[in-house]
Amino acid sequence: MREDTAQEQGLDLEPPVPMEEEKEVMEEMEVEIEDPLPCLSETDTQGIIKGRDLFGYVGIEAVLDQMRRKTMKAGFEFNIMVVGQSGLGKSTLVNTLFKSKVSRKSCTPNYEEKISKTVHLQSVSHIIEEKGVKMKLTVIDTPGFGDQINNENCWEPIVKYVNEQYEKYLKEELNVNRKRRIPDSRVHCCVYFLPATGHWLRPIDVEFMRRLGKIVSIVPVIAKADTLTLEERLEFKQRIRQDLQANGIRVYPQKEYDEDAEDRILNDKIRENIPFAVVGTDKEHQVNGNKVLGRKTKWGIIEVENVAHCEFAHLRDLLIRSHLQDLKDVTHNIHYETYRVKRLNESNANGLALSPLTLENGTLEKSEAESHL
């Protein structure tokens with residue numbers, strides 16, 4: 001009746017507003033209030049909830065204890081390679097680093113020092129336990145490197161060995177039924193020994209570090225640094241750093257691998273000391289009533305762990321106490337990943353499936369191809 005009356009009188013009535021449109025209008029009229037709590041909204045992808053915002057203790061920090069217990073039970077692996085000509089004290093320095101007889105020369109009965117005609121890589125493994133933490137240490141020695149009159153291509157067996165360890169790991173990863181924990185024989189660090197000549201880098205040093213720096217983390221050291229005076233040592237270190245930069249040689253730790261400002265500050269201090277001038281010994285002497293590792297000379301005792309005498313403590317801290325896990329991470333995430341991507345690209349380009357036989361042949365072909373560079 002009312003609608004008919006309104007139409008007869010010529011009045012225009014607006015149609016009723018639907019409930020959904022009415023709700024949208026009401027939402028537009030609402031005043032937005034910022035929520036002080038760090039809750040996730042529709043546009044946020046990540047919220048930060050700190051301890052003061054929690055209702056109580058959750059126990060997230062206990063994951064560190066869980067990781068520690070698992071690591072202590074399973075242990076971990078660390079593989080270190082020492083490269084340098086005979087007589088530079090490689091075995092002695094490795095024994096000094098781990099304060100035990102872990103070098104091939106020390107643990108081989110009736111060992112006789114012989115200069116190899118070619119480079120033969122030999123490794124020896126030990127289980128070292130300290131305060132409940134177990135580490136499987138593998139020391140890879142390179143007898144015969146740099147000992148010949150003609151040292152052309154003497155780095156090829158070392159390059160081949162490093163790539164073979166990457167290949168073994170890759171084959172294990174590609175297996176259908178993979179092991180729960182893949183044995184890790186990859187070289188995590190290569191300590192390269194430079195003779196204390198006081199001059200520039202030799203051509204063999206430049207060529208080795210230039211090639212190996214692309215596939216493994218290299219830490220150069222000046223062997224038997226006690227044969228140089230402090231002034232000679234400083235000048236020699238400066239010349240080596242100039243040679244490294246001029247030849248584009250990458251040594252650990254590289255600047256591009258620094259994750260944050262804190263790492264950059266720490267690694268800058270390390271880079272300032274590279275190459276480390278070291279002295280190794282496994283003998284103890286009495287100094288002011290205390291037993292210290294040192295070398296006895298006519299002029300006194302050179303304390304190996306005294307930073308005023310040599311830089312062995314800096315090398316030990318880098319390899320073991322501060323950067324051991326980072327060396328393993330760089331090996332896995334950088335060097336091994338680069339090798340893995342290259343191998344997979346090669347197999348895809350050739351249209352071949354990655355079978356063990358294909359991988360093995362690919363390794364040999366690749367090593368031969370690199371040896372002719």
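Some points to look at:
- Taking segment 239-259 as the range and being more than 24 Å from Val94 (Cβ to Cβ), within 25 Å of the chain's Cα centre (by Cα) and in a helix (DSSP H, G or I) as the test, the residues that pass are Arg241, Gln242, Asp243, Gln245, Ala246, Lys255, Glu256, Tyr257.
- Residue match in segment 302-311 (condition: exposed (fewer than 13 other Cβ atoms within 10 Å of the Cβ), among the hydrophobic types (A, V, I, L, M, F, W, C) and closer than 27 Å to Arg264 by Cα): yes
- Residue that is nearest to Thr96 (Cα to Cα) [pool: residues in segment 283-299 that are touching a helix residue (DSSP H, G or I) at 6+ places or on another chain (Cβ under 9 Å) and surrounded by 13 or more Cβ atoms within 10 Å (Cβ to Cβ)]: Leu293
- Selection within segment 217-249 - among the aliphatic types (A, V, I, L, M) and more than 13 Å from His199 (Cα to Cα): Ile218, Val219, Val221, Ala223, Ala225, Leu230, Leu244, Ala246, Ile249
- Only listed residue being surrounded by 15 or more Cβ atoms within 10 Å (Cβ to Cβ) and closer than 24 Å to Val330 by Cα, chosen from Asp258, Asp263: Asp258
- Residues in segment 115-140 that are at pLDDT below 65 and among the basic types (Lys, Arg): Lys117 alone.
- From Tyr192, Tyr166, residue being hydroxyl-bearing (Ser, Thr, Tyr), under 22 Å from the mean Cα position of the chain (by Cα), closer than 21 Å to Ser103 by Cβ and crowded, with 18+ Cβ neighbours inside 10 Å: Tyr192
- Qualifying residue in segment 63-74 (condition: assigned to a loop (DSSP other than H, G, I, E, B) and not β-branched (Val, Ile, Thr)): no
- The condition of being modelled with pLDDT of 70 or more, exposed (fewer than 10 other Cβ atoms within 10 Å of the Cβ) and within 49 Å of the chain's Cα centre (by Cα) holds for only one of Glu77, Glu61, Glu42, that being Glu61.
The values are calculated or read from the model by the stated rules, or taken from the named source; none is laboratory data. The structure presented is a predicted model; accordingly, all values stated were derived computationally and were not measured. Cβ: placed from backbone, ideal geometry, glycine included. Neighbour counts: every protein chain shown.
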